[in-house]
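Reviewing the structure listed below.
The values are calculated or read from the model by the stated rules, or taken from the named source; none is laboratory data. Since we're looking at a predicted model, the values are computed, not measured. A quick note on method: Cβ atoms are made from the backbone with ideal geometry, for glycine too, and the neighbour counts reach across all protein chains shown. Note: accessible area is taken over every heavy atom of the protein model, side chains too, but ligands, DNA and RNA are not part of it. Shrake-Rupley method; radii C 1.70, N 1.55, O 1.52, S 1.80 Å.
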Amino acid sequence: MEVLKEFQTTKELLEYVLDNFPETRNSDTKLYITSAKLRGAKTLDDLDKINLNLISVHKLRQKIQNKEGKYQADPEVKYIREERAKEIKKFMVN
């Protein structure tokens with residue numbers, strides 16, 4: 001149940017960031033940093049205190065953009081992500 005609560009709260013934060021900071025739509029790093037700052041992180045040492053997981057940010061951004069169709073990345077970024085996913089899938093099969 002805690003994971004569900006964490007993901008719902010994190011998803012709300014990410015949707016806010018993606019809506020208000022369009023540059024975060026193309027970069028999980030920018031999305032994570034902006035979200036961390038909004039949660040109160042001022043230094044790298046603060047990251048342990050804010051309960052924001054980088055992998056969760058990545059997975060939730062994928063869900064928001066790919067499954068829900070909201071806050072889309074620029075077309076060239078979408079193309080790069082799709083090509084990378086194909087390469088990774090091909091690598092994993094071998």
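Restricting the stretch 23-34 to residues that are closer than 11 Å to Q72 by Cα and without any contact (Cβ under 8 Å) to a residue 12 or more places away in the chain, the residue that is farthest from the chain's Cα centre (by Cα) is E23. Filtering the stretch 29-75 to residues that are out of contact with any Asp or Glu (no Cβ under 7 Å at 6 or more places or on another chain) and among the β-branched types (V, I, T) leaves T29, I33, T34, T43, I50, I55. Taking the stretch 21-48 as the range and being part of a helix (DSSP H, G or I), out of contact with any Lys or Arg (no Cβ under 9 Å at 6 or more places or on another chain) and open to solvent by 80 Å² or more (accessible area, probe 1.4 Å) as the test, the residues that pass are T29, K30, I33, K37, L38, L44, D45, D48. Looking at the stretch 61-94, which of the residues that are closer than 16 Å to D19 by Cβ, out of contact with any Lys or Arg (no Cβ under 6 Å at 6 or more places or on another chain) and not in a loop (DSSP other than H, G, I, E, B) is most open to solvent (accessible area, probe 1.4 Å)? Result: K63. If you check L52 against the conditions, is it assigned to a helix (DSSP H, G or I) and surrounded by 10 or more Cβ atoms within 10 Å (Cβ to Cβ)? Here the answer is no, as L52 does not meet what is asked. In the set (1) more than 15 Å from Y71 (Cα to Cα); (2) at pLDDT 95 or above; (3) of a type outside the set (V, I, T), L18 fails one condition alone, (1). Criterion applied to E23, E12 was being at pLDDT below 95 and either over 14 Å from I64 (Cα atoms) or among the charged types (D, E, K, R) (or both), and the one residue passing it is E12.
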